[in-house]
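The values are calculated or read from the model by the stated rules, or taken from the named source; none is laboratory data. Because the structure is a prediction, the values reported are computed rather than measured. Cβ sites come from the backbone with ideal geometry, for glycine too, and all protein chains shown count toward neighbours. Note: areas computed on protein heavy atoms with side chains; ligands, DNA, RNA excluded. Shrake-Rupley method; radii C 1.70, N 1.55, O 1.52, S 1.80 Å.
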Amino acid sequence: MSIPILKFDAVIVGAGGAGLRSAIQLSEAGLKTAVLSKVFPTRSHTVAAQGGVAASLGNSEEDHWHWHMYDTVKGSDWLGDQDAIEFMCKKANEVVVELEHYGMPFDRTDNGKIYQRPFGGHMSNFGEKPVRRSCAAADRTGHAMLHAMYQRNVKANTQFFVEWMALDLIRDSEGHVLGVTAMEMETGQIVIFHARATIFATGGAGRIYYSSTNAFINTGDGLGMAARAGIPLEDMEFWQFHPTGVAGAGVLITEGVRGEGGILRNSSKERFMERYAPNAKDLASRDVVSRAMATEIKEGRGCGVNKDYVLLDVTHLDPATIMKRLPGIREIGIQFAGVDCIKEPLPVVPTCHYQMGGIPTHYSGRVVMPQGGDMSAVVPGFYAGGECACASVHGANRLGTNSLLDLLVFGKSAGDSAVEDLKGGRAHRDLPKDAGDLALERISAIDNRKGGASVAETRLAMQRTMQDHAGVFRFGDMLKQGVTKILEVEKAARQMEIKDKSKVWNTARIEALETENLIEVAKATMISAEARKESRGAHVRDDAPDTAEFPNGRNDAEWLKHTLYFPQDNKIMYKPVNMQPLTVEAIELKTRSY
Amino acid sequence: MSKRTVQFSIYRYDPDKDDAPYMQEISVDLEPTDRKLLDALTKLKAKDDTIAYRRSCREGICGSDAMNINGKNGLACLTDIDELKQPIVLRPLPGLPVIRDVIVDMTQFFKQYHSIKPYLINNDPPPERERLQSPEDREELNGLYECILCACCSTACPSFWWNPDKFVGPAGLLAAYRFIADTRDQATNERLDNLEDPYRLFRCHTIMNCVDVCPKGLNPTKAIGKIKDMMLRRAI
């Protein structure tokens, strides 16, 4: 069957923060670029980011990128690559100031500079005390940022393909990436985007869990496509559970609430974080706070009838501060918890929020994988940035506000690298004869199957499995069972049936395709988590407890290494962590405490 | 809240198989935790996967799930299910072509948004650091920049229904004023010129449906009034 082919210099998949930032580089360099997105760009999930973007601007007190780098390495529990982390922290001021120049409506200090607030794990002077580093537009930073970048792309005449879903990556026999197959949702038409450079900016996959702050669209499409094309996925066992999702609804409550002075309390109104993180308290790193909350709940000090949440208290703050700095949070509390946070504390629970792992990349945004003897050889023509990529700057745990920074820095560097490679003469390569076959086969299989479980049932089985077997606290035997269960879910998903057979805006078909992508991610997560026999950052195992020999359960001698999961045969390889920064001295291994 | 069954009457149309649109009567059982209309739609879709609607963030910030709910435009994810009269009548946003079920073609809406040059125009060479803006000047943008482009307002506006190709509509005009009000923007005159026309701005007859339906509590009519004032002051 022949498929129409559209030829571009570059194709970007995803129009959230990372995709839009890449697109600015390519459009302004005059390259013919297509940006594909399942949703209108301003509906991408970057829009839901609240608290801010990290940059050591030092607008309110002394700050330095080197301190930011230290915090990020420590936050990552030393699993982050120190070259990439130095690169990101050094670039932060530049990319944040660019956003301001694009028109982003940052809040302001009295002297007219960008307003900055404290955030978890961000400290001055190498871990001494909290510092104001998070650049914010009230509690709508992601919204303000995404709209500003979309607007800049309108100015730059970027060509968008809105409501197109990318289906599969096209690689030739030498492993070069040549573009993607994609489907126009309105017509069901499948097209090949044939490109000299392909950039993935497809965001996260938080919907693998039952309880998630993520949007419905966060289905790991880029990871699924990469996996099906033989690209390994890195560090997928590391998922961030954000401390403050609204109990029941899962909707995010920014850490900025604690940055503005909010306090977590248990059923006896105790400020329990003082016991777990005597120095940083409520502003400790997210993995630390989430575990503390889960422990409080587990030990019977949770609130409510079922004692299954804790309270986030801002009732002691001036209502004017809440209205000015946290207006969106107040709305969310009223809408999703029925609570006005000016008068009553908010019920919160740790909720799946962010994937630290992803498609392995170099800090230039180029995708890398083991080839020949090289553990990090470039996959020609392929770039990735933002949550779908793993540079790796977040390692085993991401600091708040570093995700918006990641998508700016690595969206931009992926764009710059693509421009550099294209201007260096990278040509269109011939498409393999079977370029569109995988996508067509998948669609046809979904359309024609009968008698299997529905998409909703399949998703629920996956989400329950992930929630029960790979949550905040993990257990060796539960992970083992989890691997068996998720492979069963995968098998059942091959029979998944949809009733909608329409060509026009067939959301059942889209959800089936998304579920296939989610399952790739879920499998990668469970198998990588089962394999890592230590505790580190967000990955904490009952059978790797805190001991004198292994503080916090971390075992650097054996496990200071990145996981690479190979989807074809569910095999795991490991590659070393880069402990060598670009210009400064390495940040030495230390036991992590806040 | 408790377990309950909710009745719906939903506008259905699939051009691939239907000759004409029709209303589907359907009910769904809800759990106590189902609070919003979008929760109910998710349950409905699990029951009948052919129902098509847009949705993403489920927290009122992405602007995907705007539809006409019991005669009034709103976001499904911010609408409390138990406050709606049953059967809950769901229709596509009025005034835009229907693609399928409650999914409308938003091309015209975004064309109008793009027509106001929705980006900061400042031709000075960018300074090394941020441009300065006082907190008071920044406050002028409050109530303007928060728009989520859901189109509830423009598709509730009779002037937009009549002239979607000529009248910018409340969302686009709110965005226009967002840039006019920004002290960093240098194109105020150009922006006013761009709206100086019998239709683009002046078709607003302050009916205020836009204010009534905005799920973010914004006030496009007020912004339009300010543009009209500036236009007038410029003329004298």
- Note on the structure: Checking B:Pro87, B:Pro92 in turn, the sole residue that is away from chain A (no Cβ under 11 Å), open to solvent by less than 30 Å² (accessible area, probe 1.4 Å) and touching a strand residue (DSSP E or B) at 6+ places or on another chain (Cβ under 6 Å) turns out to be B:Pro92
- Test: residue in segment A:207-224 that is touching a Lys or Arg at 6+ places or on another chain (Cβ under 9 Å), closer than 30 Å to A:Trp65 by Cα and within 11 Å of another protein chain (Cβ to nearest Cβ): yes
- Query: Of everything in segment B:103-148 that's small (Gly, Ala, Ser) and surrounded by fewer than 18 Cβ atoms within 10 Å (Cβ to Cβ), which residue is nearest to the other protein chains (Cβ to nearest Cβ)?
  - Reply: B:Ser134
- Message: Being more than 30 Å from A:Gly452 (Cβ to Cβ), surrounded by fewer than 23 Cβ atoms within 10 Å (Cβ to Cβ) and within 25 Å of the chain's Cα centre (by Cα) is the requirement here; does A:Glu558 meet it?
- Response: no
- Message: Take the conditions in the same structural domain as A:Leu408 (by TED's automatic domain parsing), out of contact with any His (no Cβ under 9 Å at 6 or more places or on another chain) and free of Cβ contacts under 8 Å to residues at least 40 places away in the same chain and apply them to A:Glu128. Does it pass?
- Response: yes
- Residues being touching a Ser or Thr at 6+ places or on another chain (Cβ under 8 Å) and either open to solvent by 40 Å² or more (accessible area, probe 1.4 Å) or at pLDDT 95 or above (or both) - total across segment A:457-473: 6
- All-but-one check, A:Phe200 against (1) in contact with a Ser or Thr (Cβ under 9 Å, 6 or more places away or on another chain); (2) open to solvent by less than 10 Å² (accessible area, probe 1.4 Å), failing number (1)
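Residue-by-condition table, conditions (1) of a type in the set (A, V, I, L, M, F, W, C); (2) open to solvent by 10 Å² or more (accessible area, probe 1.4 Å):
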{"position": "A:Pro118", "(1), (2)": "no, yes"}
{"position": "A:Val131", "(1), (2)": "yes, no"}
{"position": "A:His143", "(1), (2)": "no, no"}
{"position": "A:Val154", "(1), (2)": "yes, yes"}
{"position": "A:Asp168", "(1), (2)": "no, no"}
- Task: Name every residue in segment A:21-60 that is part of a loop (DSSP other than H, G, I, E, B), within 14 Å of chain B (Cβ to nearest Cβ) and either crowded, with 24+ Cβ neighbours inside 10 Å or not hydrophobic (A, V, I, L, M, F, W, C) (or both), in order of residue number.
- Result: A:Lys38, A:Val39, A:Ser44, A:Ala49, A:Gln50, A:Gly51, A:Ala55, A:Ser56, A:Gly58, A:Asn59, A:Ser60
- Task: Only residues that are out of contact with any helix residue (DSSP H, G or I) (no Cβ under 7 Å at 6 or more places or on another chain) and away from every other protein chain (no Cβ under 11 Å): list them for segment B:149-164, please.
- Result: B:Thr155, B:Pro158, B:Ser159, B:Trp161, B:Trp162, B:Asn163
- Message: Just to verify a result, which residue in segment B:1-15, among those that are over 18 Å from B:Asn70 (Cβ atoms) and at pLDDT 95 or above, is surrounded by the fewest Cβ atoms within 10 Å (Cβ to Cβ)?
- Response: B:Pro15
- Enumerate the pairs (first residue in segment A:433-461 and away from chain B (no Cβ under 14 Å); second residue anywhere and among the small types (Gly, Ala, Ser) and open to solvent by 40 Å² or more (accessible area, probe 1.4 Å)) with beta-carbon separation below 9 Å, excluding pairs fewer than 6 apart on the same chain, so at least 6 apart or on different chains. A:Gly436/A:Ser2
- Message: Looking at segment A:492-522 only, could you name the residues that are hydroxyl-bearing (Ser, Thr, Tyr) and either part of a helix (DSSP H, G or I) or more than 9 Å from chain B (Cβ to nearest Cβ) (or both)?
- Response: A:Thr507, A:Thr515
- Message: Which condition from (1) of a type in the set (D, E, K, R); (2) in a helix (DSSP H, G or I); (3) more than 23 Å from the chain's Cα centre (by Cα) is the one that A:Lys590 breaks?
- Response: (2)
- Message: Is it the case, given these coordinates, that A:Arg330 is assigned by TED's automatic domain parsing to the domain that holds A:Thr254 and assigned to a loop (DSSP other than H, G, I, E, B)?
- Response: no
- Note on the structure: Just one listed residue, out of A:Lys32, A:Lys74, A:Lys7, A:Lys38, is among the basic types (Lys, Arg) and closer than 30 Å to A:Trp559 by Cβ, and it is A:Lys74
- Message: When you check B:Asp49 against the structure, is it crowded, with 21+ Cβ neighbours inside 10 Å, out of contact with any Phe, Trp or Tyr (no Cβ under 7 Å at 6 or more places or on another chain) and within 12 Å of chain A (Cβ to nearest Cβ), yes or no?
- Response: yes
